[in-house]
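Undergrad: Sharing a structure here in structure tokens format.
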Amino acid sequence: MTIILLILGLIAGLIAGIFGVGGGIIFTPVLFFLFEQAGMSNSVPWAVASGLMCTWITALASVVRQYNQQHLFLKEGLLLGFFGALGISLGKWVLLSPYYSRTEFIIVFSSLLFYSAVLMFMRGRKTEIDIEVDKDVSFQSFSPKQASITGLIGGGIASLAGVGGGGTMVPIMNLFFKQYFRKAVSISHLGMLTMITVGVLQLMTEQPELNGAGQSLTKWTLGYVDLGAVNSMGWTALLGAYYGAWLNHKIPRHYLQLGFALLALVMGTRLLLTL
């Protein structure tokens, strides 16, 4: 199982790096299928918690990179993270409630994948905001009201789907609140790191049921987080993301967008077929 997790982490990181997306949208469905095959009766919170922990690793790497590039918006990122933590805490109660089963999870995550596919198709041409970023103009302010709306929505989605929420928060900041794309991405990464920390710590304190063998995918677990799976997938994903980012600059943008959209459609359809 460890070798399988290492390989899957490498592939997930490679895909995430090539298409420029957060790892959660790859990690969580992969983990969901693995937990299902392992006979976990409550595979959804296991997949969400472990997927969030893997995403935390990649988000940390992104924040460190932005800090080194002197492009870290500390105040705005922490503000977003605060409201995101509230959203992810509220969403956790829904995640662990009897009203949120594998059916609801599959519908939510498939909808997120289809949304991502449509969004990728719509990114074919530069917007005025993107062009202004290239001209290196000054950034607009990000108010507490904007942070509260963005964070609560992003945090809620993160807890229900096991993703970082960046795929939702960045478009909200960029399209609705007119934040420049490069700034929105930076704020989103720090906000994700903060709110995922809160969400994962809460899920680590729970006492979940294990499978018939008395364990999860691996024997190293803490709450709903399978530390063995996270350790195997998360760190190899960083390696895959590094080479994926290199390939990202070699492949024409149009093909990247089309490739990710098709991947998201296939994954979303595959999830729905398990209902």
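Bear in mind that the values in this text are calculations on the coordinates, not laboratory data. Please read these numbers as outputs of a predicted model, since none were measured by experiment. We place every Cβ from the backbone using ideal geometry, glycine too, and count neighbours over all the protein chains shown.
Undergrad: Determine, for SER50, SER43, the number of other Cβ atoms within 10 Å of each Cβ, and report the residues in order from fewest to most.
TA: SER43, SER50
Undergrad: Sort MET173, MET233 by Cβ crowding within 10 Å, fewest neighbours at the top.
TA: MET173, MET233
Undergrad: Between beta-carbons, use under 14 Å as the cut-off and find the net charge around LEU152, counting Lys and Arg +1, Asp and Glu -1.
TA: Net charge in that neighbourhood comes out at +2.
Undergrad: Another question about this same structure. Could you check how many percent of all C-alpha pairs in region 146-206 are farther apart than 14 Å?
TA: Roughly 51 percent, rounded to a whole number.
Undergrad: If I take R0 = 22 Å and measure r between the Cβ atoms of LEU78 and TYR242 in this structure, what FRET efficiency does the formula 1/(1 + (r/R0)^6) give, to the nearest 0.05?
TA: Calculated value: 0.25.
Undergrad: Which one, LEU227, PRO98, SER141, is farthest towards the positive end of the dipole of the chain when Lys and Arg carry +1 and Asp and Glu -1 on their Cβ?
TA: Among LEU227, PRO98, SER141, the one farthest towards the positive end of the dipole of the chain is SER141.
Undergrad: Continuing with the same structure: Can you give the log10 of the normalised intensity I(q)/I(0) at q = 0.18, 0.19, 0.21 Å⁻¹, computed with Debye over equal Cα scatterers of region 2-121?
TA: Scattering profile of region 2-121, log10 relative to I(0): -1.16, -1.25, -1.39.
Undergrad: I need the semi-axes of the equivalent ellipsoid of region 164-275: take the C-alpha gyration tensor, multiply each eigenvalue by 5, square-root it, list largest first in whole angstrom.
TA: Sorted largest first and rounded, they come to 31, 20, 16 Å.
Undergrad: Any idea what diffusion coefficient the chain gets from Stokes-Einstein, in µm²/s, Kirkwood Rh on alpha carbon pairs, 4 °C, 1.567 mPa s?
TA: Calculated translational D: 70 µm²/s.
Undergrad: Can you give the FRET efficiency for SER141 and SER89, using 1/(1 + (r/R0)^6), R0 = 22 Å, r = Cβ-Cβ distance, to the nearest 0.05?
TA: FRET efficiency, SER141 to SER89: 0.25.
Undergrad: Can you tell me the length gained on complete extension of the stretch HIS249 to PHE176, counting 0.36 nm per residue apart and subtracting the Cα distance?
TA: Contour length minus the Cα-Cα distance gives 23.4 nm.
Undergrad: In what sequence do THR55, THR168, THR205 fall when counting other Cβ within 10 Å, fewest first?
TA: Ranked by crowding around the Cβ, least crowded first: THR205, THR168, THR55.
Undergrad: What whole-number distance in Å separates the alpha-carbon centres of region 27-92 and region 199-275?
TA: Here the two parts' Cα centres lie 10 Å apart.
Undergrad: How many angstrom lie between the Cα centre of region 103-124 and the Cα centre of region 168-190?
TA: Cα centroid of region 103-124 versus Cα centroid of region 168-190: 18 Å apart.
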